[in-house]
Amino acid sequence: MTLPIVDRPGARPWPPRVSSFTRPFWEALAQGRLLTTRGKTGRQLTFPPKPFCPHSWEREVEWVELSGRGTLYSRTVVHAAPALFAAEAPYQVCIVDYDEGIRVATRLIEAPEDIRLDSRVETVVLRYSDGPLFAVRPA
Amino acid sequence: MTIPVAIIGAAGLPVGRHQARKGETPQALEHELLAEVVIDAVAGAGIGKDMIDALVFAIPRAYTQQLYYCTFIANFLRLAVDGIVGEVQGNGMTGGLAFDQAAMMIASGRAKVALALGSSFETAVDSAEHMNRSMRATGDIDFHTPFGFTPIAWYAMDAMRYLHDSGASRADLASVAVKNRRHAGLNPLAQYRDPITLADVLAQRPIVAPLGLYEVPPRSDGAVCLVLARADLAKDLGRPHAIVKGRGFHHEGAHQINERPSDMTAFQACRRAGQAALGEAGLAAADMDLAELYAPCTIVEVLAAEALGLVPRGRGAFASRDGETALGGRIPICTSGGCLSRGHPPMVTPLYGYLEIFEQLTGRAGARQVADAEHAIASCELGNYNAAMIHVFEGRA
């Protein structure tokens with residue numbers, strides 16, 4: 001299953017750094033797949049992906065794919081944005097509880113300003129000129 | 001932690017926009033303004049500068065040009081000490097950590113008198129530019145910052161969830177700003193003192209929905225000094241003072257967000273730290289006569305008050321609307337005017353909170369005096385209240 005891809009103009013205002021460890025996350029995202037890690041023994045998910053399990057501190061981790069589907073826990077509209085993000089303002093950001101039982105914070109797009117909390121959302125890939133980010137939108 | 005600690009003096013620069021733009025003359029220099037405040041605070045305490053054993057500074061903003069600020073000030077004021085000179089840093093808790101470290105120097109017997117002090121100047125840098133820096137302070141800079149989160153965006157998400165869960169209206173929440181402005185009108189140290197109405201608050205431009213301009217912190221400069229001493233010395237000096245009765249701290253091991261879904265508006269760290277502080281003091285939330293809460297936004301005051309048990313869960317916005325948390329109400333909160341109207345020079349904001357409590361518990365709060373104030377509670381925090389430090393105080397005439 002791959003995530004829908006939404007094209008965005010220009011480059012990412014704050015491009016994330018990529019490490020040897022996080023490269024699989026960003027490469028998969030560009031291909032429409034949202035990944036994270038979990039400990040091989042304890043199988044507890046974390047996000048963002050980490051080279052160890054923050055809960056048990058086990059160092060053997062494996063990559064797993066997330067469905068990208070979940071419910072909207074909270075959100076806001078950023079009207080007063082950092083100078084670097086001025087061209088995108090106002091924009092919505094949110095907290096989402098994914099169906100796999102983990103909580104993430106991300107951008108919310110294509111949503112009315114009165115979208116209700118606990119609504120269902122799905123993840124999309126934002127394709128900028130310099131690389132991907134992700135976001136959620138109403139499902 | 002065996003020797004009881006007291007606040008015996010406090011002074012602060014009126015909070016406001018003191019800083020001039022780079023290149024302009026004259027400049028408002030942090031060290032000149034802080035030195036005046038230190039001299040006032042120490043004089044008010046009734047001690048000589050040779051009695052001071054420790055200087056614990058809140059680290060200044062990155063915009064402060066003078067580096068090694070703490071030793072520079074020690075030289076500027078010719079303060080030679082045997083205890084410690086240093087700067088502490090902990091986001092919005094910075095001033096609280098300075099106070100806590102100064103108190104621990106006394107409690108451990110390493111100092112008889114300690115200063116907790118600092119300045120926080122930033123208003124020469126405009127908000128959008130400042131946020132290019134502050135956005136890197138919350139969440140993960142590779143996994144959250146790219147989406148455009150700002151520090152107050154997290155509080156706004158608290159507000160959105162709270163309105164959804166509690167049934168309070170945006171106007172109920174906004175009443176906190178009206179109440180705090182009324183308090184600030186009685187505080188000579190406050191940045192914004194002209195009265196505002198609920199309609200004024202609701203009419204402001206949106207900043208981070210649902211919060212508008214008057215529900216988020218202003219940009220502020222400030223400088224403040226607290227004088228702490230052994231409680232027996234405080235008693236011997238024979239002046240009104242405030243005893244540190246209890247202290248609590250908790251960090252959730254979360255930085256704005258934890259990947260395990262939890263009740264974000266419960267402010268668990270604040271709840272746990274509050275219980276610890278009240279427990280150490282042998283007091284209950286109901287014993288508090290006032291509270292000075294670190295609350296950069298309206299919603300934060302509501303959630304911290306609920307977490308500390310000053311108001312029931314889910315009722316904080318209604319309590320504000322109904323006047324329970326105003327001067328003259330059941331439990332006055334932020335009699336200084338709080339971050340919203342007293343002003344918010346972030347690195348020293350908690351120190352302004354203790355200053356307000358010192359004035360209230362020693363009967364010097366003038367027109368905003370809480371009658372017969374005996375016990376007070378103060379909070380400060382890291383991030384989205386992922387960590388909280390709580391102190392409980394008792395006044396001594």
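The values are calculated or read from the model by the stated rules, or taken from the named source; none is laboratory data. Remember, it's a predicted structure, so these values are computed and weren't measured experimentally. Here the Cβ positions follow ideal geometry from the backbone for every residue, glycine too, while neighbour counts run over all protein chains shown.
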Go through segment B:295-324 and count every residue that is surrounded by fewer than 24 Cβ atoms within 10 Å (Cβ to Cβ), of a type outside the set (A, V, I, L, M, F, W, C) and assigned to a helix (DSSP H, G or I). 1
Residue B:226 vs. criteria surrounded by fewer than 22 Cβ atoms within 10 Å (Cβ to Cβ), away from chain A (no Cβ under 14 Å) and either at pLDDT 95 or above or more than 19 Å from residue B:337 (Cβ to Cβ) (or both): no
Out of A:133, A:72, which single residue is assigned to a strand (DSSP E or B), within 12 Å of the chain's Cα centre (by Cα) and within 12 Å of another protein chain (Cβ to nearest Cβ)? A:133
Can you tell me which residue within segment B:162-214, out of those that are among the hydroxyl-bearing types (Ser, Thr, Tyr) and within 14 Å of another protein chain (Cβ to nearest Cβ), is nearest to residue B:338 (Cα to Cα)? B:214
Residues (touching a residue at least 12 places away in the same chain (Cβ under 8 Å), over 16 Å from residue A:125 (Cα atoms), polar (S, T, N, Q) and out of contact with any strand residue (DSSP E or B) (no Cβ under 8 Å at 6 or more places or on another chain)) located in segment A:3-37: A:22
Segment A:77-97, residues that are of a type outside the set (S, T, N, Q) and either part of a loop (DSSP other than H, G, I, E, B) or more than 7 Å from chain B (Cβ to nearest Cβ) (or both): A:79, A:80, A:81, A:82, A:87, A:89, A:90, A:94, A:96
Close pairs (7 angstrom Cβ cut-off, 6 or more residues apart or separate chains): within 20 Å of residue A:93 (Cβ to Cβ) and within 8 Å of chain A (Cβ to nearest Cβ) in segment B:114-139, crowded, with 19+ Cβ neighbours inside 10 Å and aromatic (Phe, Trp, Tyr) anywhere: B:135/B:149; B:139/B:149
Within segment B:54-110, tally of residues that are assigned to a strand (DSSP E or B), aliphatic (A, V, I, L, M) and either without any contact (Cβ under 8 Å) to a residue 12 or more places away in the chain or surrounded by fewer than 19 Cβ atoms within 10 Å (Cβ to Cβ) (or both): 2
Does segment B:156-204 hold any residues that are assigned to a helix (DSSP H, G or I) and small (Gly, Ala, Ser), and which are they? B:156, B:159, B:166, B:171, B:174, B:175, B:177, B:184, B:199, B:203
Just one of the numbered conditions (1) more than 9 Å from chain B (Cβ to nearest Cβ); (2) in contact with a helix residue (DSSP H, G or I) (Cβ under 6 Å, 6 or more places away or on another chain); (3) outside any strand (DSSP E or B) is not true of residue A:35; which one? (3)
Failed item, numbered, when residue B:327 is tested on (1) crowded, with 24+ Cβ neighbours inside 10 Å; (2) touching a residue at least 60 places away in the same chain (Cβ under 8 Å): (1)
Restricting attention to segment A:109-128, and to residues there that are outside any strand (DSSP E or B) and of a type in the set (Val, Ile, Thr), which single residue is nearest to residue B:162 (Cα to Cα)? A:115
Among the residues of segment A:98-115 satisfying the criterion of being at the interface with chain B (Cβ under 8 Å from one of its Cβ atoms) and surrounded by fewer than 18 Cβ atoms within 10 Å (Cβ to Cβ), which is modelled with the lowest pLDDT? A:113
Taking the residues in segment B:140-156 that are of a type in the set (A, V, I, L, M, F, W, C) and at the interface with another protein chain (Cβ under 7 Å from one of its Cβ atoms) as candidates, determine which candidate is farthest from residue A:17 (Cα to Cα). B:156
Give me a count of the residues in segment B:239-281 that are in contact with a helix residue (DSSP H, G or I) (Cβ under 7 Å, 6 or more places away or on another chain), within 14 Å of chain A (Cβ to nearest Cβ) and more than 20 Å from residue B:313 (Cα to Cα). 1
Residues of segment A:38-69 being at the interface with chain B (Cβ under 10 Å from one of its Cβ atoms) and touching a residue at least 40 places away in the same chain (Cβ under 8 Å), which ones? A:45, A:46, A:47
